[in-house]
Amino acid sequence: MLPFSYTIDEKMIVCFITAFLVTFTLIPPIVRIARAKLLYADPNDRTSHDTSTPNLGGLAIFGGVILTSLIFFSFRTFPKFQFTVAGLLIIFFAGFKDDIIGITPFKKFLAQLIAVGIIVVFGDIRITNLHGFIGVFEVPYYVGVLITVITVVGITNCYNLIDGIDGLTSSLGMLVCFTFGAWFYLIGEFNWAMLTISLIGSLLAYFFFNVFGKKNKIFMGDTGSLILGYLIAVMAIQFNELNIGLSSPFTINAAPAVSIGILMVPVYDTIRVFITRIFRNLHPFTPDKTHIHHYILALGFSHRRSTFFIFGANLLFIIVAFLLHNLSTTLLLLVLLAMATVLFYIPIIIVERRRKKVKNN
């Protein structure tokens, strides 16, 4: 127990400040260590940067979230978080190894499966209801486990793969955490709300160095993107589960579709890229520059402006999802997918036409 008496609002503010300060304090020494040990992210076929940059920002994000959690969270009143952290440790070490010496996709996938197994078996964090999607509501245990595995592994890798330009993954992460966190707060799920605010604090500190840093510029690496995607996946599952039978003015009727709307940019972009690569007879994880941020950069926009536009698009999906949450889950999902298809393919078509014109000339 803390030696001070806090209101929930004061506690959330302190959580935010603590996570921010811890991450902000950790990044400069991590940059110095990375430079001393030559731990850089070098330019390649997937990245959009042209200089080698330290890529251990995920260490600072992890430190900010974990230290804040250990100080302010009670596993007795927040038992599911204990197992969330256990899974998070598996994800952290897999990402850290990948950033340092590399790891095979199979081992990374295995680590994610173990993390999901921990939260499902020990924490009972799993999907039990599809809220009427294609007419399905409650699902059998093992079906729910399978959907949970697909959800967590899928979302985790979506955030890993979209981490391609300055500020993009962290800004989208803050937007998603704020959205889930505000809803958790409104329905009285303050423990989950504090987790989101802690992650926002850490991401904001990282965002400062990633976007505006010169001497201490840093990337979050696989460590950061994987733990971010993992935690967001757990939040999305809780968002769906807490809406089952919820009697509140803030009940979301089409919760699965709304949660997909909240995560639309990384989810849609990853699925689109995978399908495109498969049709080109390539492995889905083949590195290339076909993500949406690559196309927006190709239009001539800077990293910051590209991040701003993509952030705005994700915010639009969130607004539409909440405004139309009384639609059926299936119908709302179709609306969001149609929106995404239009918004995503406008820059893609423009860039491809330009390239074709240049090639013909």
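Would you check which residues across segment 108-129 are among the β-branched types (Val, Ile, Thr) and in a helix (DSSP H, G or I) and list them?
Correct list: Ile114, Val116, Ile118, Ile119, Val120, Val121.
For segment 170-220, give me each residue that is aliphatic (A, V, I, L, M) and open to solvent by 10 Å² or more (accessible area, probe 1.4 Å).
Matches in segment 170-220: Met174, Leu175, Ala182, Leu186, Ile187, Ile197, Ile200, Leu204, Val211.
Go through (1) open to solvent by 10 Å² or more (accessible area, probe 1.4 Å); (2) part of a helix (DSSP H, G or I); (3) hydroxyl-bearing (Ser, Thr, Tyr) for Ser247 and report which single condition fails.
Ser247 satisfies every listed condition except (2).
Within segment 68-107, count every residue that is open to solvent by 30 Å² or more (accessible area, probe 1.4 Å) and in a helix (DSSP H, G or I).
17
Residue-by-condition table, conditions (1) in a loop (DSSP other than H, G, I, E, B); (2) modelled with pLDDT of 95 or more; (3) among the aromatic types (Phe, Trp, Tyr):
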{"residue": "Phe239", "(1), (2), (3)": "no, yes, yes"}
{"residue": "Ala257", "(1), (2), (3)": "no, yes, no"}
{"residue": "Asp288", "(1), (2), (3)": "yes, no, no"}
{"residue": "Gly300", "(1), (2), (3)": "yes, no, no"}
{"residue": "Ala313", "(1), (2), (3)": "no, yes, no"}
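Would you say Val176 is in contact (Cβ under 8 Å) with a residue 24 or more places away in the chain and out of contact with any Asp or Glu (no Cβ under 7 Å at 6 or more places or on another chain)?
yes
Using beta carbons and a limit of 9 Å, which pairs, at least six apart or on different chains, have the first residue in segment 128-153 and free of Cβ contacts under 8 Å to residues at least 24 places away in the same chain and at negative phi and the second one in a helix (DSSP H, G or I) and open to solvent by less than 60 Å² (accessible area, probe 1.4 Å)?
Listed by first residue and then by second, the contacts come to Glu138/Gly144; Val139/Ile147; Gly144/Val120.
Taking segment 313-328, which residues are touching a Leu at 6+ places or on another chain (Cβ under 6 Å) and open to solvent by 60 Å² or more (accessible area, probe 1.4 Å)?
Leu324
Can you name the number of the only condition in (1) in a loop (DSSP other than H, G, I, E, B); (2) over 23 Å from Pro287 (Cβ atoms); (3) out of contact with any Asp or Glu (no Cβ under 9 Å at 6 or more places or on another chain) that Gly132 fails?
(1)
I need a count of the residues in segment 23-39 that are crowded, with 18+ Cβ neighbours inside 10 Å and either over 22 Å from the mean Cα position of the chain (by Cα) or of a type in the set (A, V, I, L, M, F, W, C) (or both).
7
Name the residue that is nearest to the chain's Cα centre (by Cα), counting only residues in segment 113-152 that are under 17 Å from Leu89 (Cβ atoms), hydrophobic (A, V, I, L, M, F, W, C) and buried (at least 17 other Cβ atoms within 10 Å of the Cβ).
Val152
If you take the residues of segment 40-67 that are part of a loop (DSSP other than H, G, I, E, B) and modelled with pLDDT of 70 or more, which of them is surrounded by the most Cβ atoms within 10 Å (Cβ to Cβ)?
Leu56
Scan segment 170-179 for residues that are over 15 Å from Gly312 (Cβ atoms) and touching a Phe, Trp or Tyr at 6+ places or on another chain (Cβ under 6 Å) and jot them down.
Selection gives Ser170 alone.
The values are calculated or read from the model by the stated rules, or taken from the named source; none is laboratory data. Predicted model only: the values in this text are computed from it and were never measured. All Cβ positions, even for glycine, are placed from backbone atoms using ideal geometry, and neighbour counts span all protein chains on display. SASA here: full protein model, heavy atoms, side chains in, ligands and nucleic acids out. Shrake-Rupley method; radii C 1.70, N 1.55, O 1.52, S 1.80 Å.
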